[in-house]
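Read the figures in this text as sums done on the coordinates, not as results from a lab. None of these values were measured; they are calculated from a predicted model. Note that we place each Cβ from the backbone using ideal geometry, even for glycine, and neighbour counts take in every protein chain shown.
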Amino acid sequence: MADLSNLAGLGSDPSGEIDSSASSANNRSLRLAEKEKRKGEADPFGLAVKYLSQVEAGTVVRGNDELERNMLVVETVALSKGLPSEVITVLLDLALSLNAGTGNCARVLKFLIPATVVPQEAIVKGVSWLCVGKMPMNAQVLFVRWVLTVFDLIDCKDNLRSIYGFIFSFVTEENLCPFICHLLYLLTMREHVHPYRVRKLLDIQAKMGRQPFLTQLLALYKVFRPDLVTLSLPSRVRTGFKNHNSTWKVALSAVQRKNKGAVLVDQSLSLDVKEKPSTRKRVRCHLCNTVKSLTEHTLNSNKKVFCLQELRSFRELLENIHNIELPAQMGSLLGSALALHYLDCVQDESASLRLNFWLGHSLQEEFLLCPVDGSSDNTSEACRFLSTILFSQQFLQEGFSSTESFLYKFLSVWDGCLLRPQILDLLSDIPLMPSFYMHKLLFEPLKQLYFTSTVFFKVCMVLLFFFLSVCLYQARAWPCVLPRTMTLSGFMDSVMELVRFVGLLASEGLRLENCHVLLLNQTLAFYETVCDMFLKYSLPLIIMPPAGVFYPALFATDSVSVDRLGYIMYRYRKNLTLAKKQEQQREQTFHISRNTYKEFNRNLQAMVNSMWNSWWCIPGSDIEIDKDLISLSKVPEPWCRFDLIHHPALFSYAIEFHQRCWPERKNVDLGSIKTGKYWNWYMEFLFNQGFDGLNNFIQTNTGHSSGLSSQDDRQPTSQP
Amino acid sequence: MIHISLGSSTRLVFLPRPVARWESGMFKSSSCFIFFWLGVFLFIMEGRGSAVNTPASRPVTRRSKSYGRSCVEAPSYFWQTPGHLAVLKIPNSRGTAKSQTITNKVDPEHIALLVKNEWKLSYITPLHHFRHTRLKSYSKHLSAFIVAEKQQGVAVEVGLEAGFKVTFSAVLGLAETDEDAETVFIQIQSKPVFAAVADAPKVVWRGWLTCVNGDLEYLRSLPPDFVSLPLFCTSGPESLTTLVKSWFERVFDCNFGCLALNSTTLNWLTALWTGCHPTCNIRHLKLAWSLPTQPPLDVSYTVNPQDAWELWNSIHPEESTDDRIDIQEVQSFINGLEAHFFRHFKIFLSAGTLVKVSTALGSAHVDGKIKIGNSDYITTLLTLLTECALLKMPA
């Protein structure tokens, strides 16, 4: 198309030579440009356009072969390649001025296919021709339809907006009204909405009834100025505007396909009305409701404000963060990441309070004061709602206070089964509070649920999981999210309470459920977090697992639990060592009670003795059993039943090792593993099975090195 | 009052943690097999008894922002309604009902409007950006909104008289404390389509928002751009109530919920009203119970006012020095009435629920419907109802 450019200079350039600067700008080679130029001189299209631009008013049209010929040339080019913007200006002027007659007016409009863009001046001029009022009605309609079709291709729309009033005056034309309404819909800004225009539209509405195009335009007016006009759309709205591009659609898309890289026109200009959600449910209704506030509009109608829902990207948010307008209903923002960013940033107390009021109300009405309308099918909806809340909370990394207070109420009536995953997730976002309240609001109802639940072990696991995440979540961020009313020592007390509570639940649960493997593993997972509170989360707290958890893990029949216990004990030791070191170095540090050390030592002793030394029956320890009683069981060598070879969890490995060492032996003598180099080999074999926890534990506590891992964390050891 | 739908099978979403820690280098084999039997060396650590110190070096930053207010903070346990903390805030005693000539404070015309109807109660969360100075424009907007909602899809100009006329007015003087917002009365008039020009528009709907003796701590904790008028009384067709509610919800970002009166509230009213008998004849004390039998048994129990008062007086002597009534006194009064009924009919009324209380001073129904019979005791009633509404507030 470049060779046809700059036709604006046609009038002043009688030779008709086409300036080739544009083509050279197109990075073509000189030779090619030369060729183009030569071609251009003989270009029938250029000449035709030039001819058409000079057609004056009163030209005879009928039988004017020259006009017809030139018209045909331009038409052919237009339908195949599209027209450059200058030609569009020329042709539009020719058509609308009716210089070439009424018939040709429609004909020109029909082949007015832009190759790239449409200059807005052409449209402005066209509107002024419209104002002259000479055009027949069908030509007027055709022109407005054409404008609507190419609307996205108009290079700039500010001048068009400044003649808004002129365009608006055509709404009274009955035939033109639908198209003008559509055009106005595309052009309207807040400053265009005035009481007299609203009144005019309402008059027309009174005359024509509820026409969709009027309704759409008025709905837009209402969005901009809710203080002037009000309107409620029926729940099922017909699509607002029809497509008016039928005449040009095929040609336009063909031309566009040809000129790839040019601006793509939006083929569906019709407004897609968002389907209103069913009003039966308050929750969803609110989430979509984005009516603007009355009060705020009238206050700052002159200021350029951005509605939070209109923002699409984080970049837009950053650019407009100083004049963002909150929606009338804060509930609509829940679940929108951008809005949450904004809320997090501005820390507007009333905004978050509004959100909280709405949220608390919805939760309360939906779950606590269930309407008795028998809506039992709302589980999926409730589930979605809770998931949205969860998303928002996870995004903010903090729970809403209204969900918190809702949960306290809800826990006392919860059956432990309704929407369990969501409720448990929500629970894990609850901030720590003073231990008094924690007992009252959280532990009591949870304890009841825990012990009375029918799907017992599942709840056990999930509960533990929840506590684990609470702890993690809190501990990770504790210096900055310390609740306002809590002191540091209060906070520590609460964490301690929490861990003790889980310990209690876990040991009781293990007892009731006969040391269920899954439950045991969840418990150990919890303690994996707890044991590292000092090192990983800088919480000056070390809390040992209760005997009800420790011994089931130590004597577990699955090797994974034993290995985990090894790892936990290893981490405890590291934490305690470091804590002690710090305590010695600095006078001022935290205090870990003597009992913790004692407990640790006792557990450590029990573990090492039973697994390594085969003297597990230490007088005075937790597991002292009367010798006669044991002899009654007739177990041979009862003291070594839990050593690394005979431990029920490791027994199979010992057998396998034995088979590999002495494949020819018929009777298994596990005792022979203990002799000489076989022991070391056995250790090596065992640790190669992936028992890293045990490996670490044995390394640090017995000084036995398998040579697999680094030894820098070894401590000087001493006899008990 | 709490219904939880049970028995929905929810899929358990549970993501187990990996059970073993697989670390890189785990299978690295070593060529060195020279190890020594080192025996067992236990490293036993000693806890030193030292003073309790908390690390002071750690900066403890207080978090300034919050998404709402924590429940266990200052004004907070207020709204722990069904939970345990409710006992902390629900008053166990309240002042006796005192007659005051309310018409000295409040325009008698307004009072007359409040007295004659039966009102359906709702609670509302605090109104955002509500201004008592803008009542006129609210009138215009609400009437336009109602018209627009009535004829879906037709736009309505704001401020044009069309079909419905809405009047917002402030009822000054009902507020008891400085924190109470003034009561707002809303009246909707409609002109029938085929009415003659001279016909006066008919009042089709009335409603009012009020706050009397609201909990000071709660009201003070609200930011200044909120106005708390927690009690909403309506009288008129449900469709209009819904429209008014949805208009409020859109404009002031608030939410409505039903305010049912629990039996404790009804018990309180019974006692308070009975106590008024010497000063103002209550004429009758009518109580209605509903008993969960098959079929349900409704018991209507009318007590001679003098007898009721004597029973009450034996529990709470009139000449007692303090003006306060205790919840225990209320309970024993109700127990007394129930015991009397049992003696005659061998029916335990305590097995059912008290559904309605009515005297000449007013009536209250468990569904949240009230009638005000005598304006002189309106403050006591509204104080009690405001309290109920505030207890429903979320967060």
Inset, instruction - May I ask for the distance between the Cα centers of the stretch B:126-153 and the stretch B:325-339, given as a whole number of Å? - result: 46
Inset, instruction - Give the order of A:VAL250, B:VAL366, A:VAL255, A:VAL562 when sorted by the count of other beta carbons within 10 angstrom, beginning with the fewest. - result: A:VAL250, B:VAL366, A:VAL255, A:VAL562
Inset, instruction - Assuming a ≥ b ≥ c are the square roots of the Cα gyration tensor eigenvalues, decide whether the stretch B:325-384 counts as rounded (a/c under 1.5), prolate (otherwise, with a/b larger than b/c) or oblate. - result: prolate
Legend entry - Spin-label pair A:LYS134/A:GLU191, simplified geometry with 7 Å Cα→Cβ offset, distance in nm: 3.4
Inset, instruction - State, to one decimal in nm, how far the label point of A:LYS634 lies from the label point of A:SER412, with both points 7 Å from Cα in the Cβ direction. - result: 5.9
Legend entry - Interchain or long-range residues, amide H under 5 Å from B:GLY368's placed H: B:LEU261
Inset, instruction - Note down the nm distance, to one decimal, between modelled labels 7 Å out along Cα→Cβ at A:ILE321 and at B:HIS344. - result: 7.4
Inset, instruction - For the stretch A:517-605, run through the trypsin sites (Lys or Arg not before Pro) and keep only the ones in DSSP coil with at most 13 other Cβ atoms within 10 Å of their Cβ. - result: A:ARG586
Inset, instruction - Determine ³J(HN,Hα), in whole Hz, for all residues of the stretch A:353-361 in sequence, where each value follows from phi through the Karplus function 6.51 cos²θ - 1.76 cosθ + 1.60 and θ = phi - 60°; x replaces Gly and Pro. - result: 5, 4, 4, 5, 4, 5, 5, x, 5
Inset, instruction - Using only alpha carbon pairs under 8 Å that are at least six residues apart, calculate the relative contact order of the stretch A:316-415 and give it in whole percent. - result: 35
Legend entry - Dipole magnitude of the stretch A:40-130, debye to nearest 20 (Cβ charges: Lys/Arg +1, Asp/Glu -1, about Cα centre): 280
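Which whole-number percent is the relative contact order of the stretch B:300-395 (Cα, under 8 Å, 6+ apart)? Provide the component values of the computation, followed by the final result.
On the way: 47 pairs, mean separation 10.7, N = 96.
Reported relative contact order: 11 percent.
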Inset, instruction - With a/c under 1.5 counting as rounded, go ahead and sort the stretch A:53-176 into rounded, prolate or oblate using the C-alpha gyration tensor (a ≥ b ≥ c being the square roots of the eigenvalues; past the cut-off, prolate if a/b is larger than b/c, else oblate). - result: oblate
Legend entry - Relative contact order of the stretch B:175-237, defined on C-alpha pairs under 8 angstrom at six or more residues apart (%): 40
Inset, instruction - Using Cα centres only, tell me the gap between the stretch A:241-259 and the stretch B:293-321 in whole Å. - result: 84
